[in-house]
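A short write-up of the structure that comes next.
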Amino acid sequence: MATRTDAPTRREQILKEAARLFAERGFHGVGVDEIGAAVGISGPGLYRHFPGKDAMLAELLVGISGQLLTGGKRRVAEWGGDDPEALLDSLIEGHIDFALDDRPLITLHDRELDRLRDSDRKLVRQLQRQYVELWVEVVREVYPPLTEPTARSAVHSVFGLLNSTPHLGRPGSLPGRGVTAELLHRMARGAFAAAGA
């Protein structure tokens, strides 16, 4: 979900390739030599950047949960306060960027979260809960009749919809990033509107 325009660091390259390979073949189906080869270094050279595959997995899953929360908080902080619908649209756009640009991380989360150490898994869940609650507050501003539990269920449902991107086919089979993003946005707003009706 990076918005930087400068070249990725070696560490970021390793994480990106590790995410792709883990998503394609599973955590245990990929060796450090393969990850190293994908970024042009020897497998043992990875140990200059990470203690092992477990550390890569933890950084990927804790990292993306933290990035989503930080991005959501930034959008709330930048919001002028007079148009909660615009803030909801901004949150949806940010999550769509993640869902389209970081599809391997969604697959990785679904398949490999249980492989994390307990402390890392708890941190991922804590960050995710904070991210959900941030959305719940905004959704309830846009749709005041929604109770907190109903708004929370709606947020989780919309996340499920947006995070379905790994199941939409190969990247080249989608109708184009812009068209797909617009479709996902309309569907997310439609789901919230249906919940708030």
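The values are calculated or read from the model by the stated rules, or taken from the named source; none is laboratory data. From a predicted model like this one, the values you see are computed outputs, not experimental measurements. Ideal geometry is used to build each Cβ from the backbone, glycine not excepted, and the neighbour counts take in all protein chains shown. Just the protein is used for accessible areas: all its heavy atoms, side chains included, with ligands, DNA and RNA removed. Shrake-Rupley method; radii C 1.70, N 1.55, O 1.52, S 1.80 Å.
Projecting the Cα positions of ILE35, SER65, GLN13 onto the charge dipole of the chain (unit charges on Cβ atoms of Lys, Arg, Asp and Glu, taken about the Cα centre) puts ILE35 furthest along the positive direction.
Among the listed options (i) 1.10; (ii) 1.20; (iii) 1.76, the one matching Cα Rg over 2.2 N^0.38 Å as calculated from these coordinates is (i). Backbone geometry of the stretch 178-185 corresponds, through the Karplus equation with coefficients 6.51, -1.76 and 1.60 at θ = phi - 60°, to 3J(HN,Hα) couplings of x, 5, 5, 4, 5, 4, 4, 5 Hz, x marking Gly and Pro. Stretched out straight at 0.36 nm per residue, the stretch from GLN130 to ASP118 would grow longer than its current Cα-Cα span by 2.5 nm.
At a 1.4 Å probe, what is the % contribution of carbon and sulfur to the accessible area of the stretch 3-124? Of all accessible area on the stretch 3-124, carbon and sulfur atoms account for 49 percent.
Only protein heavy atoms count here; under a 1.4 Å probe, SER119 has an accessible surface of about 70 Å². 3J(HN,Hα) along the stretch 153-167, derived from phi through the Karplus expression 6.51 cos²θ - 1.76 cosθ + 1.60 where θ = phi - 60°, amounts to 4, 5, 4, 4, 5, 5, 4, x, 5, 5, 7, 7, 4, x, 9 Hz, with x in place of Gly and Pro.
The label-point distance for THR147 and SER164, in a model that sets each label 7 Å from Cα toward Cβ, rounds to 2.7 nm. Applying the Karplus relation 6.51 cos²θ - 1.76 cosθ + 1.60 with θ = phi - 60° to the stretch 24-31 yields 3J(HN,Hα) values of 6, 10, x, 4, 7, x, 10, x Hz, where x marks Gly and Pro. Counting only trypsin sites (Lys or Arg not before Pro) that DSSP places in a loop and that have at most 16 other Cβ atoms within 10 Å, the longest clean stretch of the chain runs over 5-116. For the chain, the dipole from Cβ point charges (+1 on Lys and Arg, -1 on Asp and Glu) about the Cα centre works out to 500 debye, to the nearest 20.
For the stretch 24-146, the solvent-accessible area of protein heavy atoms averages 50 Å² per residue (probe radius 1.4 Å; ligands and nucleic acids excluded).
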